[in-house]
Every structure is written in C-alpha cells, then in structure tokens.
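In what follows, a single structure is set out as structure tokens and then discussed.
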Amino acid sequence: MAMTTELGEQKQLKEVAGIPLQATTVDNWSQIQKFEAKPDDLLICTYPKSGTTWIQEIVDMIEHNGDVEKCQQVIIQHRHPFIEWARPPQPSGVEKASAMPSPRILRTHLPTQLLPPSFWENNCKFLYVARNAKDCMVSYYHFQRMNQILPDPGTWEEYFETFISGKVPWGPWFDHVKGWWKIRDRYEILFLFFEDMKRNLKHEIQKVVHFMGKNLDETVLDKIVQETSFEKMKENPLTNRSTVPKSILDQSISPFMRKGTVGDWKNHFTVSQNERFDQIYREKMEGTSIKFCMDL
Ligand code: A3P
C-alpha cells in the first residue's frame, strides 16, 4: 500500500514556467539550473520519444570507434547523465554529470528556455534529434501507458487532447522543436531528424562523426550502422530497457523498443483527428521554416 502511494506521488507533474515536469525534477530545480557545463561538453537534446536512445547508442559507438565491447559495459541510461533526472535517493543527473570526467556527453529533454544557462555561456555542442509530431505523440502515448512513474495517458482520444495542449511531461512538442530550430545557427548545433535516420542511417551517422570531430573508416561506419539498427537494439538488453523493473517500465503493456518506424500514426489517428491536428499544426508552427516528413 505504501508502495502504491509512493508511486502515485511520483506520477505527479509540477510546472516550471508553465512546462510540466516530473515533480522530483521540479523539487530539484535550483540544483539543475546551477549545473556547471564545461566548454567541451556535448549535450544530446531531444523531445521525449524522438530517438534519444538511438542517438545515444550511435554517439557512444562513435566515441568508442565502433568497439562494441567498450560500449556494452553499462546500460544505455547510465552512459550519458540525464541532466534534469532526479529520483532520490539515487544520485541526480547533475550529481552524476559532475562526477564524470571530461569530455562529457550528457543528455536532456529540456526546452531551450529551461536549459541551465551555463550550457549557453560555455558554447557547448548540442546534438538535437527531432521526430515528426504525429509519430512522437503515438510513441509517447504507448510510453506513458507502460511507464509507471509518469501520469496515465487515459484513452487515445484523451491523450490526443493532452498532447495537443502540451500538458505532457516536458511540455508542448511544438515549442520544443521550434525553440531548438530557431537557435540552430547561433550555437554549435547539429540538428537531425529521426526520419532522415530511418531513410539513410549511414549518412546521418557521418554527420555525427564529423560533428564530434572524429574520423572513422568505412568498415567502422558500416559496423555502427548494423549495431544501431532497430532489430539489434531491440534484442540488446543494454539498450532495450529490459533490466528496468516492471514497477517502473511495464513492457508487458508495451515494449520500450516498440516499432521504430515512420508513419505509425496512421494506425492511430482517425480521419477527423488527422484533419484537426493538421489545422492546429499549421497554426502552432506558423512562421517556422522547419519541415517534417510524416511518411517514408
Ligand atoms: P516507437 O515507440 O515509435 O517504436 P526515446 O529513446 O527518445 O524514448 O525514443 C523511443 C522511440 O525511438 C521508440 O519509438 C523506439 O522504438 C525508437 N527507436 C529506438 N531505437 C531505434 C532504432 N535503432 N531505430 C529506430 N527506432 C528506434
């Protein structure tokens, strides 16, 4: 019973400047904002469910020159400290990052306006991966169903409204993507798209290699492409979250590595939901030049 109450409390969201975040993150907010970035930090930035785990595995393999053994020493969640993560009594993301030797690779889901200011002051490198809103919504819906420490998404119809209104953890998809896109030329940002990664993974990996200042030969690149395929990562216990207890991620409800495709939204959106979404999308994304592909 005590356990249920504790989990119930963890599911709560609180807000920072109108952005819903996990309550434990908000409770730790002053520590997060004071985080001291260093000039050689690389920060992986994503809206949730946009391919964070995928890009983490790619970056890790590039860092280790395609050496699978070196990458497969710890589970993916522990490789790159998650800046806003807080779940006492575990060490917070800030504490883990602070204890890490440089050069550090870190990750965040924060929108630009909530990022600890030292990242901008130190001109860090940012690697942003964006995914089209419709697939992101579908993936997030299934993730909230299986994630026992995030709010229950309710029915698909209910979640559709929640997602559009931005009342999901880390706030609205629209502002997140627009915010990072807007500053892409002002800072050292490599902006990638999930859909491009699906279309030509090797090409996108090459961009990351270059961005990280590395030089890898063709054989290594091909190996990274193979190792970071959906099928490989779904089977790999270090990337598929199978080591996370069921009380946190219940994969009998929906697997973490679910489908990994572009266009699964077509299996979820009704015709009228799609029309309504397109209308709202046009309004919310007016004035931005970012273009997404919704189907391959
Ligand atoms: P789906 O739920 O659509 O399958 P994140 O890591 O940001 O939480 O994103 C998870 C999404 O990325 C899931 O999408 C997951 O299947 C997909 N994903 C993870 N690794 C992938 C890979 N190697 N190839 C394609 N999609 C991948």
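The values are calculated or read from the model by the stated rules, or taken from the named source; none is laboratory data. Bear in mind that the values here come from a model prediction, so they are computed numbers and not experimental data. FYI the Cβ positions are ideal-geometry reconstructions off the backbone, even for glycines, and counts take in every protein chain you see.
Before moving on, here are some points about what is shown:
- Residues in the range 117-138 that are outside any strand (DSSP E or B), away from the ligand (no atom under 16 Å from the Cβ) and crowded, with 20+ Cβ neighbours inside 10 Å: Phe119, Cys124.
- The residues in the range 262-284 that are in a loop (DSSP other than H, G, I, E, B), buried (at least 17 other Cβ atoms within 10 Å of the Cβ) and out of contact with any Asp or Glu (no Cβ under 8 Å at 6 or more places or on another chain) can be counted, and the count is 2.
- Test set (1) out of contact with any helix residue (DSSP H, G or I) (no Cβ under 6 Å at 6 or more places or on another chain); (2) more than 24 Å from Arg131 (Cα to Cα) - Leu216 fails condition number: (1)
- Checking each residue in the range 22-34 for being under 19 Å from the mean Cα position of the chain (by Cα) and more than 16 Å from the ligand (Cβ to nearest atom) picks out Ala23, Thr24, Thr25, Val26, Ile32.
- A single entry from Arg241, Arg184 fulfils the requirement of being in contact with a strand residue (DSSP E or B) (Cβ under 6 Å, 6 or more places away or on another chain), assigned to a loop (DSSP other than H, G, I, E, B), at pLDDT 95 or above and within 11 Å of the ligand (Cβ to nearest atom): Arg241.
- Pairs where the first residue, in the range 257-270, is more than 20 Å from Met146 (Cβ to Cβ) and the second is more than 10 Å from the ligand (Cβ to nearest atom) and not in a loop (DSSP other than H, G, I, E, B), C-beta under 6 Å, 6+ apart: Val262/Glu195
- Under the condition of being surrounded by fewer than 16 Cβ atoms within 10 Å (Cβ to Cβ), under 21 Å from the mean Cα position of the chain (by Cα) and not in a helix (DSSP H, G or I), the residues counted in the range 63-86 number 1.
- Residue pairs meeting the criteria (Cβ under 8 Å; at least 6 apart or on separate chains; first over 24 Å from Pro88 (Cβ atoms) and aliphatic (A, V, I, L, M), in the range 28-49; second more than 16 Å from the ligand (Cβ to nearest atom) and part of a loop (DSSP other than H, G, I, E, B)): Leu42/Pro103; Leu42/Arg104; Leu42/Cys124; Leu42/Met212
- Residues in the range 35-61 that are within 11 Å of the ligand (Cβ to nearest atom) and outside any strand (DSSP E or B): Tyr47, Pro48, Lys49, Ser50, Gly51, Thr52, Thr53, Trp54, Ile55, Gln56, Glu57, Ile58.
Here's the yes/no breakdown for (1) closer than 21 Å to Thr25 by Cα; (2) part of a loop (DSSP other than H, G, I, E, B); (3) in contact (Cβ under 8 Å) with a residue 40 or more places away in the chain:
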{"residue": "Val94", "(1), (2), (3)": "yes, no, yes"}
{"residue": "Tyr140", "(1), (2), (3)": "yes, no, yes"}
{"residue": "Glu161", "(1), (2), (3)": "no, no, no"}
{"residue": "Lys167", "(1), (2), (3)": "yes, yes, yes"}
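- Filter pass, Gly179 being in contact (Cβ under 8 Å) with a residue 12 or more places away in the chain, in contact with a Ser or Thr (Cβ under 6 Å, 6 or more places away or on another chain), closer than 22 Å to Arg107 by Cα and away from the ligand (no atom under 12 Å from the Cβ): yes
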